[in-house]
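One structure is given below, encoded as structure tokens.
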Amino acid sequence: MGNQIHIPLTALTGGPLQPSRLAAGGVGATELPPASGRTFYLETFGCQMNVHDSEKVAGVLLRRGYRQVDSPAEADLVLYNTCSIREKAAQKVFSRLGQLRHGEGHQLVGVLGCVAQQEGERIFERAPWVNLVCGSASYRRLPELLAELESGRRRVVGLDTDTDETFETEFTRRDNPFRAYVTIIEGCDKSCAYCVVPFTRGPERSRTSDSILAEVRSLVELGYTEVQLLGQNVNSYRDPSPRRMSFAELLDAVAQIPGLRRVRFTTSHPRDFHPEIVQAIDANPVLCDHVHLPVQSGSTRILQRMNREYTREQYLERVEIIRRARRPISLTTDLIVGFPGETEADFEQTLTLLEEVGYDGAFSFKFSPRPNTAALSFPDDVPEEEKGRRLAVLQEKQRQIQLRRNQALVGSTVEVLVEGRSRPGQWTGRTSSNRVVNFTSPRVPNLGEYLQVCILAAGPHSLVGEQVI
Ligand code: SAH
Ligand code: SF4
Ligand code: F3S
């Protein structure tokens, strides 16, 4: 499995090119073509799914002999992998495209990801110097689309979403040397009223358990000890192969792979979060002590308007199952404030839910009306200023909760995967519960090793400690 050494390291930025999965007979052994001399620049916005898609897109390009460069000015092909979850995120790519204009004529420009899918060929009208528009459900056609671009076609489009295929590549250029992402399910079949994802990423389609397990085994052979299973809703996973593994069975099977130390998974949808998942965590110490379970709102009335398919009480029942696990499991969430119709009383219920659950982390957002979503037709009736106020109140409350929960860890010893140096003489890494720990050590630790660290102090966002010898 040492085939990535065929590629000169100078040809890469961001990390080594690696075989991403083994098909029967081992595709990993293929020789790479000689360098085409072309260069590409790739910038990524959005969620971990997008980050990992970019790792695979880079794999496709490197496989074609392209070389990655660090600035758009140096590149023959400039690619933006975009996010359209909120208005602000979607706007970013148009400002990037505006800055590129000077390169018109010399450079090929591509828009990938969720804005590509959402805006489609309208992108050519707004930025006529764009040459490629391709959404994630069409990435499996990328080699063919790139070939068209290379042969001189000026407008190339991949916008189909009616697919049952997933995007798997022969090679992946992984950015994170410690944590390898593995897609298990793509797309989303839910229809939350505020969300563009079902539209931008297409219907749910799962990978076969064999293909997932083979990829994880190859990652362990490459030296990874931590993997993160990815999907918009990982717990909607349905094995399309005759093995018909459930998500919990898949977790069990991944956790059994020798050499793995940590398995994470994100995102879990509360509606499909079954007790078997907690049983799998109980049975396998390799499965991390962390569940990300987005609640969005603490008010059942708002949850119904959002079409989240659970009530506050049902959500709290899921939390109860997690709290009854044999070891403490850290819980994090996503929240939206100012959804259409959210009253002060609804917002208060979100605040009381924060207290009741005691989250270890939360991403919170002001509602942003999005195209092709049901909520676009609801009056966006919480004024911007009020959304800002609610967000600040919520974030302050969550900050206090996190501080309290982190301070309860002072005096305990935790296992940390060392990821880097935070400042001279201080190292940084993460616990199984995904907390950041900055720590001192009597020796220089190796990146990627696991150390025992005693916690001496805690802030809302990180812990401070010293290595226990
Ligand atoms: N699949 C995941 C989340 C996907 S998007 C899930 O179902 O939980 C990540 C987060 O962005 C969401 O959890 C939500 O909190 C936020 N979000 C999505 N659409 C939004 C919108 N229109 N306005 C504000 N926040 C939004
Ligand atoms: Fe969006 Fe809802 Fe699907 Fe999550 S479950 S991606 S919030 S539609
Ligand atoms: Fe953004 Fe698309 Fe992810 S909209 S959050 S990049 S699925």
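No value in this document is a laboratory result; all are computed from the given coordinates. As the structure is a prediction and not an experimental result, all values here were calculated from the model. A quick note on method: Cβ atoms are made from the backbone with ideal geometry, for glycine too, and the neighbour counts reach across all protein chains shown.
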For the chain, size of Cβ-based charge dipole, Lys and Arg +1, Asp and Glu -1, in debye: 700
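Based on DSSP, what percent of beta bridges with both residues in the chain are antiparallel, to the nearest 5? Please report the intermediate quantities before stating the final value.
Working: 24 of 69 bridges.
Restricted to the chain, the bridges split so that about 35 percent are antiparallel.
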Prolate/oblate/rounded label for the chain (Cα gyration tensor, a/c 1.5): oblate
Dipole of the chain, positive end: most advanced residue of 359, 195, 206 [Cβ charges, Cα centre]: 359
Potential lengthening between residue 159 and residue 320 on full extension [0.36 nm per residue; Cα-Cα distance subtracted]: 53.8 nm
FRET efficiency, 1/(1 + (r/R0)^6) with R0 56 Å, evaluated for residue 469 and residue 377 via beta carbons: 0.35
Shape of the stretch 132-249, Cα gyration tensor, a/c cut at 1.5: oblate
For peptides 164-172, 398-406, sequence by mean Cβ density within 10 Å, most packed first: 164-172, 398-406
Estimated FRET transfer efficiency when R0 is 30 angstrom, pair residue 99-residue 51 (beta carbons, to 0.05): 0.85
The stretch 262-316: C-alpha gyration tensor shape, a/c 1.5 cut-off, then a/b vs b/c: prolate
The chain: Lys pairs at Cα distance under 22 angstrom, eight or more positions apart or on different chains: 8
Fewest-first sequence of 194, 41 by Cβ atoms within 10 Å of each Cβ: 41, 194
By average C-beta atoms within 10 angstrom, highest first, the peptides 265-273, 181-189, 90-98: 181-189, 265-273, 90-98
